[in-house]
Amino acid sequence: MPDTQIAAQLFTIRDHIKTRADFEASMKKIRAIGYRAVQISTIGDIPDVTVKRIVDDNGLTICNTHVAYDDLLNRPDRVISQHEIWDCRHVAIGGMPLENRGSEDGFRRFAETANRIGETLAAAGLTFSYHNHSFEFVKFGGRTGLDLLLEETDPRYVQMELDTYWIQHGGGDPLAWIERVSGRMPVVHLKDMVMLPSDDGRGRQAMAEVGAGNLNFPAILAACQQAGVEWYAVEQDFCAGDPFDSLAISYRNLLSLGLS
């Protein structure tokens, strides 16, 4: 394992990792920024062994992944084999299917499926985590969807991959949620929130580089360390400029905040 816990979530540069040549060039850029780990997500149709070779050649580690729900449900052996090739033990899903999102029953049904997926992966020595957005903060009978997921999933089989921006976007408290999932979150997603001017004068929320917005990242990082987080994955779904520049800004700011 490299002597850093900071990773680049490759969804940030999803338009630059669709071909083998682009993936190789992008990994060179990621390493040049200073990152020594990446989270695999939305890459093109590149052989697993080729992905591993390119990552290794650039001094990078694959710390975790985002895997499609259909693959987790119907091709778990393929997922397990892939992660063996990549020497990666943390698997995550980027969200639940649309049909599960609108009701308490839908959340409960997804939790049942997540338990089964997680149990299968755990038997192979892998962890399985759920990545939140803001729709999980809709309340059903006084409890949020994320409350239901935590209550209905088995912590032996289902971990959490909390996203700081999306918690805030949903009206949640990132610090409180990080504390709540202590010991159950191997990877956290870091992105900041900034308010921008809008035509109606109300302002609008937008994603920003870590340290460039309004979230309390010194406190967030301290809470993550207390919660036993292993990897701090920088993700920015939408960037105002070059996504590599955004990853670089977040990386430098995290170093200045004492993460190494």
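The values are calculated or read from the model by the stated rules, or taken from the named source; none is laboratory data. Since this is a predicted model, take the numbers as computed values, not measurements. Heads up, the Cβs are rebuilt from the backbone with ideal geometry, glycines too, and the neighbour counts pull from every protein chain shown.
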Item to check | Residue tally, condition surrounded by fewer than 20 Cβ atoms within 10 Å (Cβ to Cβ) and either out of contact with any Phe, Trp or Tyr (no Cβ under 9 Å at 6 or more places or on another chain) or at positive phi (or both), over segment 182-202 | outcome: 12
Checklist entry - Does L221 count as modelled with pLDDT of 95 or more and over 30 Å from G102 (Cα atoms)? => result yes
Checklist entry - Can you spot a residue in segment 60-76 that is among the acidic types (D, E), within 18 Å of the chain's Cα centre (by Cα) and closer than 19 Å to V188 by Cα? => result no
Checklist outcome for this item: By residue number, the members of segment 106-134 that are of a type in the set (S, T, N, Q), out of contact with any Leu (no Cβ under 9 Å at 6 or more places or on another chain) and within 14 Å of G145 (Cα to Cα) are S134
Checklist entry - Does at least one position in segment 203-217 carry a residue that is under 16 Å from the mean Cα position of the chain (by Cα), under 19 Å from G258 (Cβ atoms) and crowded, with 22+ Cβ neighbours inside 10 Å? => result yes
Checklist entry - In segment 44-101, what residues are β-branched (V, I, T) and crowded, with 21+ Cβ neighbours inside 10 Å? => result V51, V55, I62, T65, V67, V79, V91, I93
Checklist entry - Which condition does G118 not pass, out of (1) touching a residue at least 24 places away in the same chain (Cβ under 8 Å); (2) surrounded by fewer than 22 Cβ atoms within 10 Å (Cβ to Cβ), if it passes all the others? => result (2)
Item to check | Residues that are out of contact with any His (no Cβ under 8 Å at 6 or more places or on another chain) and at positive phi, drawn from segment 91-125 | outcome: G125
